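Here's the structure, in structure tokens; my notes come after.
Just so it is clear, none of the values below were taken in a lab; they were calculated from the coordinates. All values derive from a computational prediction rather than experimental measurement.
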Ligand code: F6R
């Protein structure tokens, strides 16, 4: 695992965007799995602006979803699908046939999981996965205690995830379960990047980097990744022993 500490959120985002742009420039049909949430938002803004400036074409890139809130419609601005459409797929003009996302409204969620596992296999695996980290150490919706051997699955969300998740929604929203890629997908991605910024992430980043690798803190699994990167800003790094 390689740890990169950037002076601020802007630098972190520019560099994470560079990774995405370089991946697609060198492999136009790369398979990307990109988290939603606040952490990578500026990264995606840079991807959109820089792809135009540098003429990097995303029309052949493939996208697979990381996770979705179960029971939330894609028209809800708090859904992962809405976020990705708005911040990436529409501005990058990604064709819908190149996008594989979970349907959180499906009546057959297990089938959704199998469909996603199959899609990733058929695409030849994930080239680049960018994830945020929850204050409880989750990656995607792999909550503490998750079976690390799982691929896509449904999971009961911890109370903290349900509470923090309210920030994505315009009104109080009942959140109970998530549908998510598993830690096996994360470990098998050719490159995996954890991004985190701000003091609010300092305590969990310290645990992710310094405490023993364990499913009680899913983010520690980045240290088992064969090509894992941790991109954080100085604030998120502020509790690390050496920073
Ligand atoms: C979102 C996701 C979550 C978030 C995490 C951090 O697709 O998978 O694991 O990455 O909860 O969220 P932010 O970035 O909003 O702090």
For segment 15-113, what class follows from the C-alpha gyration tensor (a ≥ b ≥ c being the square roots of its eigenvalues): rounded when a/c is under 1.5, otherwise prolate if a/b is larger than b/c, else oblate? prolate
Past the 21 angstrom mark, what percentage of all C-alpha to C-alpha distances in segment 94-200 do you count? 40
What shape does the chain have by the C-alpha gyration tensor, where a ≥ b ≥ c are the square roots of the eigenvalues, rounded means a/c under 1.5, and otherwise prolate means a/b greater than b/c and oblate the rest? rounded
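Do you know the relative contact order of the chain, to the nearest whole percent, from alpha carbon pairs under 8 angstrom that are 6+ apart? Write down the numbers at each step before the final one.
Working: 506 pairs, mean separation 61.5, N = 243.
Worked out over the chain, it gives 25 percent.
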Computed over segment 115-179, the relative contact order (Cα-Cα under 8 Å, seq sep at least six) in percent reads 27
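Before rounding to the nearest 500, sum -39500 (n - 2.57) across all DSSP H runs of length at least 4 in the chain and divide by the residue total; then give [θ] at 222 nm in deg cm²/dmol. Walk me through the numbers on the way to the answer.
Working: 7 runs with 72 residues, N = 243.
Value at 222 nm, helices only, nearest 500: -9000 deg cm²/dmol.
In percent, how large is the relative contact order of segment 133-235, given Cα pairs closer than 8 Å and 6 or more residues apart? Intermediate results must be reported in sequence, preceding the final value.
Details: 176 pairs, mean separation 36.4, N = 103.
Over segment 133-235, the number comes to 35 percent.
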Let me know the shape class of segment 114-155, please: from the alpha-carbon gyration tensor, a ≥ b ≥ c as square roots of the eigenvalues, rounded when a/c is under 1.5, otherwise prolate if a/b is greater than b/c, or oblate. oblate
